[in-house]
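Here the structure comes first, spelled out in structure tokens, and everything after it is commentary.
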Amino acid sequence: MKSKCLIGLLFFCVTYLTAQSGKAIYSKELTSLNNDISNLSLKQKSYRKQILKNLQNWNYQLDFNNKKASYAKQESLHIKTNPVINSMTLGFANFSGSIYFDTAQDIVLNIKEFDGEKYIIKKNKINWTLSKDTLQIDNYLCYKATTIENISYSGKEQQIKIIAWYSPEISLSFGPDGYGGLPGIIMKLEKNGTTTTLKEILFSKKNTEAIIKPSNGKVVTEDEFNKITSLAYNNIKNK
């Protein structure tokens, strides 16, 4: 899928990078569902088609200023979809909840609900490996960064490789799904069969909305949350 990153400057000037407030819109593509489907049943093919169509209607918004950002899925208005398909799409999207960034405090929080309880998860620091590999995304020269992440899936620990393409031309250290900390905004993120791509960014000199640190929820580390989910899945499996 070719990305279309539309850069809209609300206040056009050569020093716009010093006025880094605004919003960025991301979309997702499920590359894991673009493989051979000849062995799928009619029901599976129908689910696949609905999931792909469903995700086309989903956008994710990053609101930012110089030091803070928040990120979450935009609410889809007037679009009725099957709750089962929604749940399946959410799984393939590889992201749930919302994100809070604070570069001054060097923290990234993932706010999500699990098993009826709301959690504020302190995400682990990402150890990026920077590469000289480049990729042209529209008019932006992007550089490659990779990291290895341990994830818990159905109670099992797995390692996956994550690839981020960032542009130093837009010197924001934020990105989609809680990923950031690079010398430029993440334009494209490849994770576990899902590609998340920046498609629009709007800059403003004014902070249109306060970005507030979340406080309502049980605060845990990412490792602690993974243990909670693994224990819950194991309890279900052993019943």
In the stretch 110-120, is there at least one residue being assigned to a loop (DSSP other than H, G, I, E, B), surrounded by fewer than 18 Cβ atoms within 10 Å (Cβ to Cβ) and either in contact (Cβ under 8 Å) with a residue 24 or more places away in the chain or touching a Lys or Arg at 6+ places or on another chain (Cβ under 6 Å) (or both)?
yes
If the requirement is being farther than 11 Å from Y140 by Cβ, open to solvent by 60 Å² or more (accessible area, probe 1.4 Å) and not in a strand (DSSP E or B), which of these qualifies: K206, K199?
K206
I need every pair where a residue in the stretch 201-218 that is under 17 Å from G22 (Cβ atoms) has its Cβ under 8 Å from the Cβ of a residue that is at pLDDT 90 or above and among the β-branched types (V, I, T), sequence separation at least 6 or different chains.
I201/I25; I201/I170; I201/I185
I'd like the full set of residues that are under 25 Å from V219 (Cβ atoms) and either exposed (fewer than 13 other Cβ atoms within 10 Å of the Cβ) or modelled with pLDDT under 95 (or both), limited to the stretch 125-153.
K125, N127, E149, N150, I151, S152, Y153
Across the stretch 62-93, what is the total count of residues that are open to solvent by less than 40 Å² (accessible area, probe 1.4 Å), of a type outside the set (G, A, S) and in contact with a strand residue (DSSP E or B) (Cβ under 8 Å, 6 or more places away or on another chain)?
4
Hey, any hits in the stretch 170-183 for a residue that's assigned to a strand (DSSP E or B), among the acidic types (D, E) and in contact with a Ser or Thr (Cβ under 8 Å, 6 or more places away or on another chain)?
no
Go through (1) farther than 19 Å from E190 by Cα; (2) at pLDDT below 95 and name the single condition K118 misses.
(2)
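The values are calculated or read from the model by the stated rules, or taken from the named source; none is laboratory data. In this text the structure is predicted, and so the values were computed from the model without any measurement. Cβ atoms come from the backbone with ideal geometry, glycine included; neighbour counts cover every protein chain shown. Note: areas computed on protein heavy atoms with side chains; ligands, DNA, RNA excluded. Shrake-Rupley method; radii C 1.70, N 1.55, O 1.52, S 1.80 Å.
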